[in-house]
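Visitor: Submitted below is the structure of interest, expressed as structure tokens.
What follows is calculated from the coordinates using simple rules that are stated; it is not laboratory data. Not measured: the values here are computed from a predicted model. All Cβ positions, glycine included, derive from the backbone under ideal geometry; neighbour counts span all protein chains shown.
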Amino acid sequence: MLLGGGALIALAWTTTAGAESRSFEVTASKYKFEPSVLTVDQGDHVTITLKSADRTHGFAIKEYGVKTEIPDGGRTVSVEFVADKAGTFTFSCSKFCGMGHSRMKGQLIVKPKAQ
């Protein structure tokens, strides 16, 4: 489900019924995300709050069905999902933002559950 972000200010852990909740604040700007690497454990509930430092951007993680627009003007938007697939997934800007748009990417690293 997609919902309503900032610079890397907070990273929170809370235990809920055996799963962790991980929260990140990410800032989008020409042509990068800060931070550009987010690491969670498989099964974690993930909330990413996004803010743009300059213009309208997008945020998408294809494998998790996440896609939202990040408005300009410092307004925030959040996305939430359960990291149920282990692996390294690319997140990218899903709204054309200029000549460097195709380079605007980051990584979501989902560490597998210990067996």
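Visitor: Where does the range 11-111 land on the Kirkwood hydrodynamic radius, alpha-carbon pairs, in angstrom?
Guide: So the Kirkwood estimate lands at 13.6 Å.
Visitor: Let me ask another. Please sort by residue number the GluC sites (Glu not before Pro) in the range 17-86 whose DSSP state is loop and whose Cβ has at most 10 other Cβ atoms within 10 Å.
Guide: When the GluC sites (Glu not before Pro) of the range 17-86 are filtered for loop state and at most 10 Cβ neighbours within 10 Å, nothing remains.
Visitor: Filter the trypsin sites (Lys or Arg not before Pro) in the range 46-115 to those in DSSP coil with at most 12 other Cβ atoms within 10 Å of their Cβ, and list the result.
Guide: Filter output for the range 46-115: ARG75, LYS85, LYS113.
Visitor: Separation between the ALA114 and GLN42 pseudo-spin-labels, each 7 Å from Cα along Cα→Cβ, expressed in nm?
Guide: Going from the ALA114 label point to the GLN42 one covers 1.5 nm.
Visitor: Right, here's the next one. GLU20 to MET99: FRET efficiency via 1/(1 + (r/R0)^6), r the Cβ-Cβ distance, R0 41 Å, to the nearest 0.05?
Guide: Rounded to the nearest 0.05, the efficiency is 0.60.
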